[in-house]
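Below is one structure; the comments refer to it alone.
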Amino acid sequence: KKFRKGTIGDLINEAINKTLSRTVLTSLTTFVVVLCLFLFAGQGLKQFSLALLVGVITGTYSSIYIAAPVVLELDKK
C-alpha cells in the first residue's frame, strides 16, 4: 500500500474535494424526490417527508462542514 505524506488537514481536504460532487448530487436527488413526496402526498406523509427533508439538509451540511473540523480538533488532543 502507498501512504500519502502530509498533514491530516491535507488528507481531509483532499477527501472532501474528491467526494463533494457525489455528496451534493446524491443529496440534491434525494431532496427533490422527498420534496415531491411532501408536496403531493397526503396529510399523514407530510410530517414524515418534512422530517426527511430536514434530515437530508442537516446530514449534507454536517458531512461537509462539521465532520472535518471535529476530526481535526480530536486529532490535536
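When residue 41 is tested against (1) open to solvent by 90 Å² or more (accessible area, probe 1.4 Å); (2) more than 17 Å from residue 61 (Cβ to Cβ), only condition (1) is not met. Just so you know, in the range 44-71 the residues that are touching a helix residue (DSSP H, G or I) at 6+ places or on another chain (Cβ under 6 Å), under 30 Å from residue 8 (Cα atoms) and not polar (S, T, N, Q) include one that is most open to solvent (accessible area, probe 1.4 Å), and it is 56. Of all residues in the range 1-29 being open to solvent by 60 Å² or more (accessible area, probe 1.4 Å) and of a type in the set (Ser, Thr, Tyr), which is farthest from residue 75 (Cα to Cα)? Of everything passing the filter in the range 1-29, 29 is farthest from residue 75 (Cα to Cα).
The values are calculated or read from the model by the stated rules, or taken from the named source; none is laboratory data. This one's a predicted model, so the numbers in the text were calculated from it and none came from an experiment. Note that we place each Cβ from the backbone using ideal geometry, even for glycine, and neighbour counts take in every protein chain shown. In case anyone asks, the SASA skips ligands and DNA or RNA and just uses the protein heavy atoms, side chains included. Shrake-Rupley method; radii C 1.70, N 1.55, O 1.52, S 1.80 Å.
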